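The values are calculated or read from the model by the stated rules, or taken from the named source; none is laboratory data. Note that the structure is predicted; figures quoted are calculated from it, not measured. Every residue, glycine among them, receives a Cβ derived from its backbone with ideal geometry; neighbour counts consider all protein chains shown.
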Amino acid sequence: MININNSLPSFFKERILVFLHQFDGSDFITLSEEKLNKISKILVASVVGLASCAAMASDGKVTFTGNVTSSTCEFTSTNGDLAVTLPTVSNTSLLTPGATAGDTQFTIPLKDCTQGTASGSPSHVKAYFEAGPTVNYTTGRLVNSSTATAKNVEIELLDSTGTSITIGQPNSTQGTLFTTVNATPSTNALVYIARYYATAAVTAGTVSTSVMYTLVYN
């Protein structure tokens, strides 16, 4: 029999008994207050540690896959930065949600595109418009800068056929079209359209936004 002569909660008494039976085979043990305190501290640390482990348990796994190709295209300028100026339009053309105006074509000019030498190397290229702080993930459009003054307006991007691009979505569902890789210099161009898009009645003011993009191959 083990006699624990203090008023510890039953939760800890049970664990003390288990602990003692593992390390002491005597039939009767009277524990001092000092020994009980030490054992209690050990048990508390163990219980807290187990609780922490349980709290940190994983709920699932995310697996990422991708591919890197030797196919490349060069920009005709020193980098891939572009500046696109939309025309000045009246807010009367953007008074209802879903109204659009100022369709403006812009081109990402490429040169010296080369197809990879490996079998099955990609032969098509397009721009993938990336997720970022300027993207409204609900609409897939670009939000107006906080320093710009026009309200209730976003910038919508479309591919060369006029199909809306859902910015920030995965590459397979974003909606951009691939262009065939052409090795002849100065003949490769990725064509897109930008326009104003009203989320409500647009108020007059400035519009400014941006988006990052990456060339992807297929």
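Among the candidates Thr173, Thr149, which residue alone is at pLDDT 90 or above and in a loop (DSSP other than H, G, I, E, B)? Working first, answer last.
On the way: Thr173 fails: at pLDDT 90 or above.
So the residue among Thr173, Thr149 that is at pLDDT 90 or above and in a loop (DSSP other than H, G, I, E, B) is Thr149.
Restricting to region 176-186, name every residue that is modelled with pLDDT of 80 or more and either surrounded by 17 or more Cβ atoms within 10 Å (Cβ to Cβ) or hydroxyl-bearing (Ser, Thr, Tyr) (or both).
Selection gives Thr176, Thr179.
Of the residues Ala99, Ala83, which is under 27 Å from Thr199 (Cβ atoms), surrounded by 15 or more Cβ atoms within 10 Å (Cβ to Cβ), modelled with pLDDT of 85 or more and among the aliphatic types (A, V, I, L, M)?
Values: Ala83 fails: surrounded by 15 or more Cβ atoms within 10 Å (Cβ to Cβ).
Residue meeting the stated conditions: Ala99.
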